[in-house]
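All remarks here apply to the structure that follows.
The values are calculated or read from the model by the stated rules, or taken from the named source; none is laboratory data. Just so it is clear, the structure is predicted and the values come from calculations on it, not from any experiment. Here the Cβ positions follow ideal geometry from the backbone for every residue, glycine too, while neighbour counts run over all protein chains shown.
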């Protein structure tokens, strides 16, 4: 293990954890910070700010008063101090040497970035770093109520090889993330069912952890051979909400395999403490072009939702997942049917309305498209935490207005085309100032700009050529959003392959690029030229 050299007369800086999100993100950052501080012999502190989720805002439900008194900080305690990003330890040391030599009065501190990466020292083995992390976590002085949980988790598996399945379905379904379609966090029910079936076939007992207790209980009743945290730890129901989340993290960390979404701090931190990696749920699903299991699952869940309304938001997200992942295989009419089902199942889901607007616009259903985009914007504007739902809605408005601008006979309406293009341009300008969490904004804005420009050129064609060009465009817009309409550029992977290969699958720029390429194709065919190369994603 590499250790820092201690310079005589110079005290080391403080390593600080400060996260503003949910429990696992905070605990993962805290453990990383403690492990780094222990390795280099420096001080450790952490900020535990209030959260929109009140259950996380009470540190005394987790930590002993003595631990908070020794290590707890207020954000104001860091005012005027120099923060050194701690994501790359070798770079951090270069900065630290300069600061200690010339700016010691600024009291520099290492700012640990987050829970997703295990911080390792130079030339340190990752397994050894994980041992340090677990040791640091064990050194935390926890609240008295958590000691039975910790003791239970040391022995509860009794040598059995358990699979822990994490289903993130609380904040993404009914909480502050509910208006976006988060592929990095969401697992469709059909995929969960296939993974649970694979575990049964392997003979592995399954522990299922979720922040949506009713959905977890429904999965247990439907698919069987599944245990919940309350089934294995007798005192679980007597814990507070944040303490139950803590217990589930610890229980997951003792499993031999953890199955979860592509990217979530909850299962990711449990893996850091335990087996090391999270197996994506779709890795346990057979690769197939057969969409019938997902379609059957949607039918079954929609039927079950008639007397279990809590399932309907899952129907909406499963339908959007289906439309996003199979967009290059679905005709626009089939996709629109799925998205109508999504907005019917959860009328307050902004991402479903944005997708419905884009698809209705492709089909020339202007009235439906505009109603859908207005609804998407109304829902997104009340989401103060993330810009992704609003960027999704604005991108839908650009598509809808561009399709309307080149619609049949639109050029006969005085000022109609100019009005459509102005609305589209205004939506692109609003996109530019947003800061989405997942959506790749530079690529999206470039394609939206190109879409508006090409729509303007199509609308400016001589009157005698517009009807034929419009018919050709409407025909290609109805087809699946595959690469066959790209004017230039090498073919890319299928949507299914992109989804499986990426932890941050981002369908909105993919959709917009494919739609833009169809506009390009229509103009190129009309002019006999290539417009511009396809944007790399």
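Assorted remarks:
- Qualifying residue in region 198-207 (condition: touching a residue at least 40 places away in the same chain (Cβ under 8 Å), in a strand (DSSP E or B), touching a helix residue (DSSP H, G or I) at 6+ places or on another chain (Cβ under 8 Å) and more than 30 Å from residue 435 (Cβ to Cβ)): yes
Listed here are the residues, each with its yes/no results for (1) free of Cβ contacts under 8 Å to residues at least 24 places away in the same chain; (2) closer than 24 Å to residue 52 by Cβ; (3) assigned to a helix (DSSP H, G or I).
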residue	(1), (2), (3)
303	yes, no, yes
310	no, yes, yes
313	no, yes, yes
330	no, no, no
341	no, no, yes
348	no, yes, no
353	no, yes, yes
364	no, no, no
368	yes, no, yes
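- Of the residues making up region 461-475, those that are at pLDDT 90 or above and either outside any helix (DSSP H, G or I) or buried (at least 18 other Cβ atoms within 10 Å of the Cβ) (or both) are 473, 474.
- Within region 210-237, the set of residues being under 28 Å from residue 147 (Cβ atoms), surrounded by fewer than 20 Cβ atoms within 10 Å (Cβ to Cβ) and more than 28 Å from the chain's Cα centre (by Cα) comprises 231, 232, 234, 235, 236, 237.
- Test: residue in region 238-248 that is in the same structural domain as residue 273 (by TED's automatic domain parsing), over 26 Å from the mean Cα position of the chain (by Cα) and outside any helix (DSSP H, G or I): yes
- Residue 210 vs. criteria within 30 Å of residue 313 (Cα to Cα) and touching a residue at least 40 places away in the same chain (Cβ under 8 Å): yes
- From 385, 374, 397, residue being over 26 Å from residue 468 (Cβ atoms), without any contact (Cβ under 8 Å) to a residue 12 or more places away in the chain and either under 19 Å from the mean Cα position of the chain (by Cα) or in the same structural domain as residue 480 (by TED's automatic domain parsing) (or both): 374
- Residue check, residue 320 within 19 Å of residue 480 (Cβ to Cβ) and either not in a helix (DSSP H, G or I) or not assigned by TED's automatic domain parsing to the domain that holds residue 359 (or both): yes
- Looking only at residues in region 481-497 that are at pLDDT 85 or above and in contact with a helix residue (DSSP H, G or I) (Cβ under 8 Å, 6 or more places away or on another chain), the one that is surrounded by the most Cβ atoms within 10 Å (Cβ to Cβ) is 481.
- Of the helices (runs of 4 or more DSSP H) entirely within region 60-168, those holding at least 3 residues that are modelled with pLDDT of 75 or more and surrounded by fewer than 17 Cβ atoms within 10 Å (Cβ to Cβ) occupy 65-71, 126-139, 147-155.
- Verdict on residue 357 being more than 15 Å from residue 444 (Cβ to Cβ), surrounded by 21 or more Cβ atoms within 10 Å (Cβ to Cβ), within 27 Å of the chain's Cα centre (by Cα) and modelled with pLDDT of 95 or more: yes
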